[in-house]
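Scroll down for the structure; my scribbles are underneath it.
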Amino acid sequence: MKNAYVTGASQGIGKEFVKAIAKDYNVFLISRSLSDLNKTIAELEPTSRGILKPLAYDLSKKKSWEELSDVMRKDKDFEFLINNAGFGTVGEFANLDLEKELDQINLNVKALVSLSHTALNAFKPRKKGFIINVASIAGFLPAPGSATYAATKAYVKSFTEAIHEEAIPHGIHVQALCPGLTHSQFHQRAGIEKSKYPGFMWQDAKEVAEESLRALYHNQAVCITGMVNQGVVGLTGLLPRSWIRKGAGKFMDTSG
Ligand SMILES: NC(=O)c1ccc[n+]([C@@H]2O[C@H](COP(=O)([O-])OP(=O)(O)OC[C@H]3O[C@@H](n4cnc5c(N)ncnc54)[C@H](OP(=O)(O)O)[C@@H]3O)[C@@H](O)[C@H]2O)c1
């Protein structure tokens, strides 16, 4: 069995990815908390065919993504990377803690770019490999109230679409996954009140991971999950940019 690496694997969308791919892969689960990773592994092990192993790294730190890259380079069976770890902040940019905004760029963008580079160079000689980079439908919008987050996801979407095209001749599948509102710990961590968004807008993390993997099989460059999210993204292509900015700002408004 070949090896897969999933970042942000202890919960949410990452955990559902592990559950789905552990039928075909040994999986290295990466996040900061070793005890959370071990809990997730204990839960998923009974239904997994592959071996599950924890790797505790804080991927907002350069040293961590470099160490993880070294592990991947030495792994002759490395075939699948899912860059899923990420977090968001909400509020007026000028009032947010700058260090946290910069950590967000480190985790959501720099770690993802570095690990994608490592993976592509490992996969090219083998003429096979898979990369999923988790962006968001926020990557289609400038979002007042979540400026840094939406910008990191716009980067991930654009970057990943470009390397998707470069990877085609090498037999490597690369996807930008763009979910919308998905049940996980993400909103609580960002200080977003989940109940302000109607139920029809939400997907389960399991649905998101499964849709992404189906699309990866067909080598789809961008996977926007769910019909509601596809509709929202479709609309952003039709409306004036000033309306989109204002609408996205209202959507992100955390004042109630
Ligand atoms: N939920 C949504 O509505 C939604 C929508 C669109 C896109 N997304 C994207 O989907 C991805 C997964 O989000 P989720 O909803 O599953 O969130 P989540 O439930 O908050 O899970 C985030 C995962 O990332 C890990 N993580 C956070 N900071 C890390 C760091 N510095 N280094 C390593 N691992 C770290 C967390 O574990 P530790 O805290 O233990 O490190 C956890 O395993 C993110 O990229 C997010 O932007 C989510």
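The values are calculated or read from the model by the stated rules, or taken from the named source; none is laboratory data. Given the structure is predicted, the values throughout are model-derived calculations rather than measurements. Because the Cβ atoms are built from the backbone with ideal geometry, glycine has one as well, and the counts that use them run over all protein chains shown. These accessible areas exclude ligands, DNA and RNA; they are computed on the full protein's heavy atoms, side chains included. Shrake-Rupley method; radii C 1.70, N 1.55, O 1.52, S 1.80 Å.
Quick look at the values:
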read-out	value
Subset of region 172-187 (residues that are touching a Phe, Trp or Tyr at 6+ places or on another chain (Cβ under 8 Å) and either more than 17 Å from Ser136 (Cα to Cα) or open to solvent by 30 Å² or more (accessible area, probe 1.4 Å) (or both))	Ile172, His173, His183, Phe186
Wholly enclosed helices (runs of 4 or more DSSP H) of region 161-256 bearing at least 2 residues at pLDDT 95 or above and not β-branched (Val, Ile, Thr)	205-217, 227-236
Hits in region 70-92 (condition: under 27 Å from Gly171 (Cα atoms) and within 11 Å of the ligand (Cβ to nearest atom))	Ile82, Asn83, Asn84, Ala85
Condition broken by Glu66, with the remaining ones in (1) part of a loop (DSSP other than H, G, I, E, B); (2) farther than 19 Å from Phe186 by Cα; (3) among the acidic types (Asp, Glu); (4) touching a Ser or Thr at 6+ places or on another chain (Cβ under 8 Å) satisfied	(1)
Subset of region 123-160 (residues that are assigned to a helix (DSSP H, G or I), more than 16 Å from the ligand (Cβ to nearest atom) and of a type outside the set (Lys, Arg))	Phe123, Pro125
Residues of region 188-228 that turn out to be within 12 Å of the ligand (Cβ to nearest atom), closer than 23 Å to His173 by Cα and open to solvent by less than 70 Å² (accessible area, probe 1.4 Å), as a count	8
